[in-house]
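The values are calculated or read from the model by the stated rules, or taken from the named source; none is laboratory data. All figures in this text were calculated on a predicted structure; none of them were measured in a lab. Note that we place each Cβ from the backbone using ideal geometry, even for glycine, and neighbour counts take in every protein chain shown.
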Amino acid sequence: MNVGAWLVWGLGATIVLTTLLAGSQGLGLTRMNLPYVLGAMVTTDRDRAKVLGIAMHVVNGWVFSAVYVAAFHVWGGPAWWKGALVGAVHAAFVLVVVMPALPGMHPRMASETRGPTVVRGLEPPGFLAMHYGARTPVSVVLAHVVFGIILGTFYRA
Amino acid sequence: MRAVHDLVGEMPRTPTIQEHAAIGDGRSVALVARDGALDWLCWPVFDSPAIFAGLLDPERGGAWRIGPIGPARVTRRYRDDTNVLETRFETPSGVAVLTDLMCVEDATPRPHSSHELLRRVACERGHVEIELVFAPRPAFGRHPPRLQPTGHLGLRCEVGAMLHALHGERPVEVVDQRAVARFVLAAGDAAAFSLTYDDDIAAIPLLGAHACERIEATCRAWRRWLSPLTYDGPDRDVVVRGLLATKLLSFAPSGAVIAAATTSLPERVGADLNWDYRFCWLRDASFTARAFFDLGFHDDAVAFCGWLLHTTRLTRPELRILYDVYGRPPASEEELPELAGYRGSRPVRIRNGASTQLQLDCYGEVLDAATWLHANAGLDREIEKLLADFGGFVLANWRRPDHGIWEERGAPRHRTHSRVLSWVALDRLLQLRARGLARRIDLDAVARSRAEIRDDIVAHAWNPAIASYTDVYGSSTLDASVLLLPWYGFEDARSTRMAATYRAIAQRLCAGPGLYWRNEDGLRVGEGAFGICSAWVVDYLVRAERHAEARAVFDAFVRCANDVGLFGEEVDPATREALGNFPQAYTHVGLLSAALALARRPAQVARAGGAR
């Protein structure tokens, strides 16, 4: 494993992913704001949560890029299409598994079936994160595929 | 505040402009009619497309009513020193009180929505049957509403990635893209409803006791904002309501002040004098800055002037006459033909075509406000350069005809008010230079041009045949704006010419006790009397040491406020009801200035003319 390449391209891919997701929100495609979701785990202040969440999201992206790099090593080396495929699987996992389970993990997110409570007031994402807008899955899949393509193209073992 | 009683609910009707009260959160404003119908709201900011525009079209515009079924006697008030509205319905079976507000503060440790409009109806006595009809019509009714009940996640209305969600303590039923509910409240019962807006991940509001906490927190926030008030004169109610109304029209993130909360409320009912006022006019700068500073609102004054000077850098050395709250010139004006307009007053317009006019008075307004800013808070070097650039523009262009303060859409003309404000621009530059600032200006050229402008006005704006300053050079028509000459320090209010000018205006432009038409064009086309003109008259009379007359005009005009103390742009002289966009910052700021003038001794007012 080329640690230096992983660190550089993992960070680069994460920055592009974060920018694409924020851009999707700014363009009105989705209300989903992953840095805010992450930051809201540690603070109720919306503005502060977004700032903290950006840092948390970058660290998360770095960690996840290690999984992509591991997949490339197992799969006979990196390639852009392999990155895209891993990205698509990653996005599907996030949308189908992680998002619906988020209210169980997030201390300030309301449940689909109970609440809201004094503490838990954030809207839950729902299946495919569709509560955040019908086009949310499109932006999530697109961003993760681009994330994988960057790693598959530029990471060299 | 005087109490006004009337009966609502006996027959369907469209509420008048006058019947509305305003609530807001420093980013947007909603208007609530006396019958409990909220029929104006643009989210997320003042000039966004409306989600409720029933004021402009009861059929297509959308509204959200909470009120009793059947006739009720209605009284309203704002809670003391706040923008929290209480509407009291007295029905034959009981009394209910509806509290309306936009939450500006919530101390609870949980996520909050970007915007929350909270409505809580409580029964005080007997029992009252309440009806709720929630009919949002996003984008001025252009976007078909899709109401989706989602249980405890609320009744959702999504437009693209924007979410409007209604949460309530009573179940609602969706019928024909409206949510409706009927319920009976007995004494001691209450029901709260919350409408939230998010373009981010939404927060779900808590109701019940938590809603009451948010109401109290919002009241505390408004009272805290008002606490620097230094005024302790006889017109405190007018001053407090004027400040709170102006604050409602201030964009909290930047300090920009929009002219009014609405678009296309007509200056003449049934006609086409319908404009979008949801923008910031530089013209209001001088009055607004002085009023904030003089009443003790230093931070708001500095924020407003800061926004003004930051915004105008983008177009330096030329100024647009209006900007949006972010400092951008508005896009092209557009008509909405599908909306019927307020009582048939068409077309409904959004954005404002006057933004590209040449209006030379803006330069004087900005330089006057900057001079006040310097006197109270200082200026940085970059701003000095900016002001010198504006002065350079005035030096090069003051001889040009323009469209003037009333934004006439015909050919440009040589207007007295604009020429006086060109004089003000150069005068303030010289004042700044005398204080060691504006070092880049050509002192001789500015002083020479200032003298030339004065000579030009003295020679051409005075019409000896009618013994008055006129609105346009060489004409014989009057304009109330020439009463501002003493305000800007151009001429003493006690001069022979000003006394004669006031006499002519009082004879030809007076529309009734305390009311004045802006000019003879306004009189000819049947507009209402302009509120700001009454404020100018009061200020002039105080400066002319005619205090009793000033007091009479002020008191007569104040009686034209609606039941909660708000003014529109104009007043119909026949009915004394509000006309034009509502509520109007310029009218309220003018009244603040007039109340301050009345509270000072005349000699102090004379010294306050011109800049500090």
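Annotations
- Only listed residue being within 14 Å of chain A (Cβ to nearest Cβ), outside any loop (DSSP other than H, G, I, E, B) and within 21 Å of B:Leu41 (Cα to Cα), chosen from B:Ala245, B:Ala211: B:Ala211
- Taken together, A:Ala40, A:Ala91 contain a single residue that is crowded, with 20+ Cβ neighbours inside 10 Å and within 14 Å of another protein chain (Cβ to nearest Cβ), which is A:Ala40.
- Qualifying position, being in contact (Cβ under 8 Å) with a residue 24 or more places away in the chain, assigned to a helix (DSSP H, G or I) and not β-branched (Val, Ile, Thr), among B:Asp237, B:Asp272: B:Asp237
- Screening the range A:94-118 for residues that are crowded, with 16+ Cβ neighbours inside 10 Å, aliphatic (A, V, I, L, M) and within 14 Å of chain B (Cβ to nearest Cβ) and picking the one that is farthest from A:Thr18 (Cα to Cα) gives A:Ala110.
- Number of positions in the range B:172-200 that are among the aliphatic types (A, V, I, L, M) and touching a residue at least 60 places away in the same chain (Cβ under 8 Å): 7
- Candidates A:Leu95, A:Leu142, A:Leu151, A:Leu128 - the one that is more than 19 Å from A:Leu29 (Cα to Cα) and touching a residue at least 24 places away in the same chain (Cβ under 8 Å): A:Leu151
- Flag for B:Arg576 being out of contact with any Asp or Glu (no Cβ under 6 Å at 6 or more places or on another chain), at positive phi, surrounded by fewer than 22 Cβ atoms within 10 Å (Cβ to Cβ) and not acidic (Asp, Glu): yes
- Number of residues in the range B:121-144 that are crowded, with 22+ Cβ neighbours inside 10 Å and either closer than 25 Å to A:Pro116 by Cβ or among the hydroxyl-bearing types (Ser, Thr, Tyr) (or both) equals 6.
- The set of residues in the range B:435-455 being within 35 Å of the chain's Cα centre (by Cα) and free of Cβ contacts under 8 Å to residues at least 40 places away in the same chain consists of B:Arg450, B:Arg454.
- Residue match in the range B:600-607 (condition: out of contact with any strand residue (DSSP E or B) (no Cβ under 8 Å at 6 or more places or on another chain), farther than 18 Å from B:Ala493 by Cβ and surrounded by fewer than 24 Cβ atoms within 10 Å (Cβ to Cβ)): no
- Residues satisfying the stated conditions in the range B:58-72, i.e. among the hydrophobic types (A, V, I, L, M, F, W, C) and assigned to a strand (DSSP E or B): B:Ala63, B:Trp64, B:Ile66, B:Ala72
- The set of residues in the range B:306-352 that are basic (Lys, Arg) and either crowded, with 17+ Cβ neighbours inside 10 Å or under 20 Å from B:Ile51 (Cβ atoms) (or both) comprises B:Arg320, B:Arg346, B:Arg349, B:Arg351.
- Where a residue in the range B:397-408 is surrounded by fewer than 18 Cβ atoms within 10 Å (Cβ to Cβ) and its partner, wherever it lies, is modelled with pLDDT of 90 or more, with Cβ under 6 Å and at least six apart: B:Pro401/B:Pro412; B:Pro401/B:Arg413; B:Pro401/B:His414
- Qualifying residue in the range A:122-145 (condition: at pLDDT 95 or above, touching a Phe, Trp or Tyr at 6+ places or on another chain (Cβ under 7 Å) and either more than 9 Å from chain B (Cβ to nearest Cβ) or outside any loop (DSSP other than H, G, I, E, B) (or both)): no
- Residue selected from the range B:456-473 under the condition closer than 18 Å to B:Ile405 by Cβ and part of a loop (DSSP other than H, G, I, E, B), by the criterion nearest to the chain's Cα centre (by Cα): B:Asp471
- Residues that are surrounded by fewer than 24 Cβ atoms within 10 Å (Cβ to Cβ) and within 19 Å of B:Gly270 (Cα to Cα) within the range B:513-544 comprise B:Asp521, B:Leu523, B:Arg524, B:Val525, B:Gly526, listed in sequence order.
Yes/no matrix, rows are residues, columns are (1) within 14 Å of chain B (Cβ to nearest Cβ); (2) hydroxyl-bearing (Ser, Thr, Tyr); (3) surrounded by 14 or more Cβ atoms within 10 Å (Cβ to Cβ):
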{"site": "A:Thr19", "(1), (2), (3)": "no, yes, no"}
{"site": "A:Leu27", "(1), (2), (3)": "yes, no, no"}
{"site": "A:Thr30", "(1), (2), (3)": "yes, yes, yes"}
{"site": "A:Lys50", "(1), (2), (3)": "yes, no, yes"}
{"site": "A:Met56", "(1), (2), (3)": "no, no, yes"}
{"site": "A:Phe72", "(1), (2), (3)": "no, no, yes"}
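- Output for the range B:73-128, where each listed residue is within 14 Å of chain A (Cβ to nearest Cβ) and more than 13 Å from B:Ile215 (Cα to Cα): B:Pro109, B:Arg110, B:Pro111, B:His112, B:Ser113, B:Ser114, B:His115
- Tally, over the range B:80-89, of residues that are farther than 23 Å from B:Leu226 by Cα and surrounded by 21 or more Cβ atoms within 10 Å (Cβ to Cβ): 1
- The one condition in (1) under 22 Å from B:Ser345 (Cβ atoms); (2) surrounded by fewer than 24 Cβ atoms within 10 Å (Cβ to Cβ) that B:Gly565 fails to fulfil: (1)
- Sole residue being touching a residue at least 12 places away in the same chain (Cβ under 8 Å) and in contact with a Pro (Cβ under 7 Å, 6 or more places away or on another chain), chosen from B:Arg110, B:Arg137, B:Arg120: B:Arg137
- Scanning the range B:212-231 for residues that are surrounded by 18 or more Cβ atoms within 10 Å (Cβ to Cβ) and within 25 Å of B:Ala37 (Cα to Cα) yields a total of 5.
Each row is one residue, and each column tells you yes or no for (1) of a type in the set (Phe, Trp, Tyr); (2) within 11 Å of the chain's Cα centre (by Cα).
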| site | (1), (2) |
| --- | --- |
| A:Leu20 | no, yes |
| A:Leu29 | no, no |
| A:Met41 | no, no |
| A:Arg46 | no, no |
| A:Val69 | no, no |
| A:Gly87 | no, yes |
| A:Phe93 | yes, yes |
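- B:Ala209 vs. criteria closer than 30 Å to B:Gln148 by Cα, surrounded by fewer than 20 Cβ atoms within 10 Å (Cβ to Cβ) and touching a residue at least 60 places away in the same chain (Cβ under 8 Å): no
- The helices (runs of 4 or more DSSP H) falling completely within the range B:285-404 include none with 3 or more residues that are of a type in the set (Ser, Thr, Tyr).
- Residue in the range B:46-55 that is among the hydroxyl-bearing types (Ser, Thr, Tyr), within 21 Å of B:His115 (Cβ to Cβ) and part of a strand (DSSP E or B) present: no
- Of the criteria (1) assigned to a loop (DSSP other than H, G, I, E, B); (2) closer than 17 Å to B:Leu319 by Cβ; (3) of a type in the set (D, E, K, R), which one B:Glu408 fails: (2)
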